[in-house]
Amino acid sequence: MIPVAPSSVGRHGGPGSGPDSSPAKAVDFWFDPVCPYSWIAARWIREVARVRPVRVRLRLMSLQMLNEGREVDPEDPDGEWGACLWAPVRACAAVEQRYGRAALDRFSLALGVRMHHRGEWDGIERALSDVGLPREVAAAAWTSEYDAVIRASHARAVALVGEDVGTPVVAVDGVAFFGPVVSAVPLGETAGRLWDGVLKTASVPGFCELRRPAAPAPDFGPEPDLGPEPDPGSEPVG
């Protein structure tokens, strides 16, 4: 848990439908779409936005960048995946830079469904089509065109919580932390209760870790509804 300046908290998304009239909390959520536990946490934070007054801004980080320079990449110890582990976050960066944050929100949801629910690790083009974006954007997933953008966002997350972490990273109410790592998607009020607990825990000065044995495999739950197609020309990022 590391303090962050109020100005570093994003202002993207609409208010949640929380149980009271409290002002919406601004939440920054860093993720790498390739990570299954990051996908579960992304599903969780979307649920939180439904049941608590929060506004979420998605931000990108990369496990590949985090593991650069290490003798063995824990995400790819045999070196067999290579650019495939870079492609999802690069595609997300391309979508955000060309079409805006709202498009990133919807694309990352569709991409998570394709990769983690359906096992379509080559599903970037199909995920783009799912949300009404040009399939040609997928070409950027195999280049370094937006790596500088990813590095800048990634560096911001690492500066908040350190390099000995993974994804996701959350910043809210002046603190930042790695996690939560959840093996099954919390839905509805269960997501809200976890959020309440995370906030209370993060507010305790000096608290740094709470751990118990993980489930044998992640449980992604039902596929989320992607909803209506967005306007692909809205909210460009400069």
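The values are calculated or read from the model by the stated rules, or taken from the named source; none is laboratory data. Since this is a predicted model, take the numbers as computed values, not measurements. Note: ideal-geometry Cβ built from the backbone for every residue, glycine included; neighbour counts use all protein chains shown. What goes into the accessible areas is simple: the full protein's heavy atoms, side chains included, and nothing from ligands, DNA or RNA. Shrake-Rupley method; radii C 1.70, N 1.55, O 1.52, S 1.80 Å.
A few notes on this one:
- Taking the numbered list (1) in contact with a Lys or Arg (Cβ under 8 Å, 6 or more places away or on another chain); (2) basic (K, R); (3) open to solvent by 50 Å² or more (accessible area, probe 1.4 Å) in turn, R114 passes all entries but (3).
- You will find that of R118, R156, R114, the residue that is over 24 Å from A184 (Cα atoms) and basic (K, R) is R156 and no other.
- The residue of segment 183-208 that is surrounded by the most Cβ atoms within 10 Å (Cβ to Cβ), among those that are among the hydrophobic types (A, V, I, L, M, F, W, C) and in contact with a Lys or Arg (Cβ under 9 Å, 6 or more places away or on another chain), is W195.
- Scanning segment 120-136 for any residue that is closer than 13 Å to P88 by Cβ, outside any helix (DSSP H, G or I) and open to solvent by less than 10 Å² (accessible area, probe 1.4 Å) turns up at least one such residue.
- Among the numbered conditions (1) modelled with pLDDT of 95 or more; (2) open to solvent by 40 Å² or more (accessible area, probe 1.4 Å); (3) in contact with a helix residue (DSSP H, G or I) (Cβ under 8 Å, 6 or more places away or on another chain), the only one that A83 does not meet is (1).
- In segment 209-229, the residues that are open to solvent by 100 Å² or more (accessible area, probe 1.4 Å) reach residues that are of a type outside the set (D, E, K, R) with C-beta atoms within less than 8 angstrom, at least six apart or across chains, in these pairs: L210/T201; E229/V131; E229/G132.
- Taking residues in segment 26-55 that are open to solvent by 20 Å² or more (accessible area, probe 1.4 Å) and among the β-branched types (V, I, T), and partners anywhere that are outside any helix (DSSP H, G or I) and modelled with pLDDT of 95 or more, the pairs with Cβ atoms closer than 8 Å and at least 6 places apart or on different chains are V51/G188.
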